[in-house]
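> Shown below is the structure under consideration.
The values are calculated or read from the model by the stated rules, or taken from the named source; none is laboratory data. Since the structure is predicted, the reported quantities are computational estimates derived from the model, not experimental observations. Note that we place each Cβ from the backbone using ideal geometry, even for glycine, and neighbour counts take in every protein chain shown. When the accessible area is computed, the model is the full protein with side chains, heavy atoms only, and any ligands, DNA or RNA have been set aside. Shrake-Rupley method; radii C 1.70, N 1.55, O 1.52, S 1.80 Å.
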Amino acid sequence: MAEFKQADSMYEWFDQRLGIDKFVKVMMTEYWIPKNINFLWAMGVLLSVMFTILVVSGIFLLMYYKPDVNMAFDSVNYTIMQEVGYGWLFRHIHAVGASVVFLIIYIHMFTGIYYGSYKKGREMIWISGMLLFVLFSAEGFSGYMLPWGQMSYWAAYVITEIFGGVPLIGGDLVVWIRGNFYVSDSTLTRFFMLHVLLVPLAIIGAIVLHFYALRFPHVNNEEGEFFDFDKEAEKYLAGDKKNSKVVPFWPVFLSKDFFVLGVFLVFFFYLVFFHYDFAMDPVNFDKADGLKTPAHIYPEWYFLWSYEVLRGFFFEIAGISGKSLGLIAFAVAQGVFFVLPWLDRSPMVKPANQRPYFKYWFWFLMVDLIVLTVYGKLPPTGANAWVGFASSMTFLILFIALPFITKAEAKKVGGK
Amino acid sequence: MKELKILAIIAALVGITYYGIEPYAHHIMHPEVKAADFQFKDLKNVDTSLAGNVDNGKVLVEANCIACHSLESAGHAKTMLDTDAAAAYGVVPPDLSSAGRIYDKNYLANFIFDPVSAMHLSHKYPAGGAKAFPMPSYNWMSGQEIMDVVAYLQSVTPKVVGKDTHKATYDAACGRCHSMSYAKSEATTPKDAVKAYMGATPPDLSQYIKSRQEHYLHGFINDPQLLLAGTSMPRVGLSEKAQEEVIAYMEETGDSKKAERERVGLWVMLYTFVFAILAYLWKRKIWSEVH
Ligand code: HEM
């Protein structure tokens, strides 16, 4: 035990025991972030705030929500939306927040791809980020089931059904996931558990991992420049703030993030109060009815692109059924972003537009994902089915081609 | 400025995606149909320009209608319990007190002339089919007589004003078949009876303002077959004003916090806006030291 001297203030008392001074330095005032960044680097902080908002609003909803097929719908749409004071506010914040968080996740992800922030030492940031993406997807999917509306039910039905395509164990797997032969009360209660306990816990763990993974390789910057953080930090601490290439997390980096957050929140609350249909689908205000299939079944917008990859293969090729092909493509789509750091064979860490070949790949991918998303919602009939097929194929081909494209790029730029 | 350019690119990508999955997809999945017609122009059996005679109408109503219908506003009370009436007729016959207020005049006249064609339910009750609509056609009456009946019904309808009309109109127009549990309102005709009579159980309307929304309801109530071909729901023939009252009642029941939501929304946005401005000023101060 170290020797303790009498503390002169409350602050000192705590500092002696918890090392507050040191902690604040390590986490905030001497955690160095590159200066050369734009507002896209605020997305991480926005996501942290959104996650907090979702947790808090979720806790309020949890006080009145009833996970039971006979009560769930009314507990949400009557008790919470109309009886409990400001219950509607928490529901709107939670439902719209769950949708908007994916918008920010996608911006955050594609920022990472655009600036090459997933390679040359940043692989673990990327992997932990993808883990968060998968966990958020699970959280979004399980949460959407809870109000037990028509879309809750039928999206759950269609998505769990997908697992039936897994060879050998498919049928059993579906029953295992649903806890019954069809989507039923046991399905609701287990997804309730996942939504309010297991997945949020895992998300918190993954966020810690993600933040930790940022510490050693450091955050990337607008030019993809590598420099000596220790030297730049020394410069900053010595008072040469203007010439140093870094700024401390607090207050400099966060002061900018707060501004970005403020602008974002105005937009977010506009959606919450005045424009929420995109996140609270009208169809879901019909109570779940297992005997009445809605005319159009579609998942939430953030799943549409991968849903369309699944639907895109609607005919048999080389003796393999369209359903199996779709399932394979779907599985690839879920996993392929994880291995992006290894598919990109070019050593360049630069914004995509400064990379001779990668820039085409990046913008092609963006266009393809938008096409997939839009056609994932439209009914897959006539020409739509073929657009779906073409854009699904494009998606796969883009990722097959990436190693070759980036290899050629590496050769062209000569290992820079 | 570079950051504004980035923002513009993101806004464009998000905007295109949004347009595709919301307005455009909606337009594809729910094609626009003919605009609502509150004159019920397709109904031409009765010359509605004739001026009705209230006294003669009274005689005709007492001779022809009150055998089945009550008319409480003129002192003709119900003679049967709802359940018995439903068993006898298939559905509880409406009390006619508000008929003159809520139904369009042209519709009402043509309905009396031939209910099934006015309701657009010929597919449920084809002429000479096994199932007959409980109310007979009064196509033997002259146009003048029908207009007398209409004039009389309009003269006895009690005055309802303000918000009370919302519930009154809903009860009279929809409440015989539909329940609305969030308004603690149960269909006056028992469920099984309606099902036997119409071939389907009418849905509970508590959340229909949210699931169908105003735009759809506006067209649907006016003429259900246009938006849901083959449905058992009759065209009820509400005047535009009465239909608005019904929709208002559905909103008061299904979206009771709308006014509060819009009021609070403005304050919250204002608050965050001020936050954003203060944050900007703070950021400028902080970053002036490092740039
Ligand atoms: C959903 C919860 C997430 C949270 C709370 C979060 C938070 C953060 C934060 C605070 C940063 C540092 C500042 C910044 O660049 O924004 C960051 C960086 C990063 N995140 Fe995430 N993130 C999340 C999800 C993801 C996902 C889904 C991915 C991609 C698969 C991802 C990939 C990255 C990458 C590559 C960086 C490094 C950026 C750079 O070095 O410039 N993150 N994240």
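> Note down the nm distance, to one decimal, between modelled labels 7 Å out along Cα→Cβ at B:Asp164 and at A:Tyr64.
Going by the 7 Å Cα→Cβ label model, 3.1 nm.
> How would B:Val246, A:Val371 line up by accessible area, probe 1.4 Å, largest first?
A:Val371, B:Val246
> Sticking with this one: Once you mark the GluC sites (Glu not before Pro) that are in a DSSP loop and have at most 11 other Cβ atoms within 10 Å, what is the longest gap between them in chain B?
The answer is B:33-288.
> Please calculate the 1.4 Å probe accessible area of B:His178, with all protein chains present, and give it to the nearest 10 Å².
For B:His178, solvent-accessible area is about 20 Å².
> For the protein assembly as shown, what's the radius of gyration and Dmax over Cα atoms, in angstrom?
Here Rg and the maximum Cα pair distance are 32.3, 111 Å.
> Using DSSP to call loops (not H, G, I, E or B), can you name the trypsin sites (Lys or Arg not before Pro) in the range A:1-61 whose Cβ has at most 14 other Cβ atoms within 10 angstrom?
The qualifying sites are A:Lys5.
> Another question about this same structure. Along Cα→Cβ, 7 Å out, is where each label goes; now give me the distance between the ones at A:Ala390 and B:Gln213 in nm to one decimal.
3.0 nm
> Would you please give the FRET efficiency between A:Ser324 and B:Leu266, computed as 1/(1 + (r/R0)^6) with r the Cβ-Cβ distance and R0 = 51 Å, to the nearest 0.05?
Efficiency at R0 = 51 Å is approximately 0.45.
> Can you compute the modelled spin-label distance between B:Ala127 and B:Asp192, with each label point 7 Å from Cα toward Cβ, in nm?
Using points 7 Å along Cα→Cβ, the separation is 3.6 nm.
> Build a GNM of chain A with springs between Cα atoms under 10 Å: which of A:Val26, A:Val49, A:Val332 gets the top mean-square fluctuation?
Its mean-square fluctuation being the largest, the pick is A:Val26.
> From the Cα gyration tensor of the range B:34-254, with a ≥ b ≥ c the square roots of its eigenvalues, which class applies: rounded if a/c is under 1.5, or else prolate if a/b is larger than b/c, or else oblate?
In terms of gyration-tensor shape, rounded.
> Using a 1.4 angstrom probe on protein heavy atoms only, which residues from the range A:35-80 are buried by at least 40 Å² of accessible area when all chains are present rather than their own chain alone?
Residues of the range A:35-80 that lose at least 40 Å² of accessible area once the other chains are added: A:Lys35, A:Phe39, A:Tyr78.
> Only sites in a loop by DSSP and with at most 15 other Cβ atoms within 10 Å count here; which trypsin sites (Lys or Arg not before Pro) in the range B:113-184 make the cut?
When the trypsin sites (Lys or Arg not before Pro) of the range B:113-184 are filtered for loop state and at most 15 Cβ neighbours within 10 Å, B:Lys131, B:Lys159, B:Lys163, B:Lys184 remain.
> So how far, in whole Å, is the C-alpha centre of the range B:39-67 from the one of the range A:18-38?
Centre-to-centre (Cα) distance: 84 Å.
> May I pose another question? Checking a compactness column here: for the range A:223-267, what do you get for Rg(Cα) / (2.2 N^0.38 Å), N being the number of residues?
My calculation over the Cα atoms of the range A:223-267 gives 1.45.
> What residues have an amide H closer than 5 Å to that of A:Gly149, excluding those fewer than 5 places away on the same chain, when H is modeled at 1.01 Å from N in the peptide plane?
A:Ala288
> Counting other Cβ atoms within 10 Å, keep those with at most 10, restrict to DSSP loop, and tell me which chymotrypsin sites (Phe, Trp or Tyr not before Pro) in the range A:1-38 are left.
A:Phe4
> Still on this structure, please answer the following. Per residue of the protein assembly as shown, what 222 nm ellipticity follows from adding -39500 (n - 2.57) for every DSSP H run with n ≥ 4, rounded to the nearest 500?
So the helix-based figure for the protein assembly as shown works out to -18000 deg cm²/dmol.
> Convex hull over the Cα atoms of chain A, averaged projected area in nm²?
Reported value for the Cα convex hull: 26.5 nm².
> Could you give the length gained on full extension between B:Thr201 and B:Ala229, defined as 0.36 nm per residue of separation minus the Cα-Cα distance, in nm?
8.4 nm
> What is the distance in Å between the Cα centres of the range A:275-332 and the range A:226-257?
48 Å
> Excluding B:Tyr170 itself, calculate the net charge of residues whose Cβ lies under 12 Å from the Cβ of B:Tyr170, where each Lys or Arg counts +1 and each Asp or Glu counts -1.
The answer is -3.
> Starting from the Cα of B:Trp287, move 7 Å in the Cα-to-Cβ direction to define the label point; list residues of the range B:1-22 whose amide nitrogen is under 19 Å from there.
Zone members listed by number: B:1-11.
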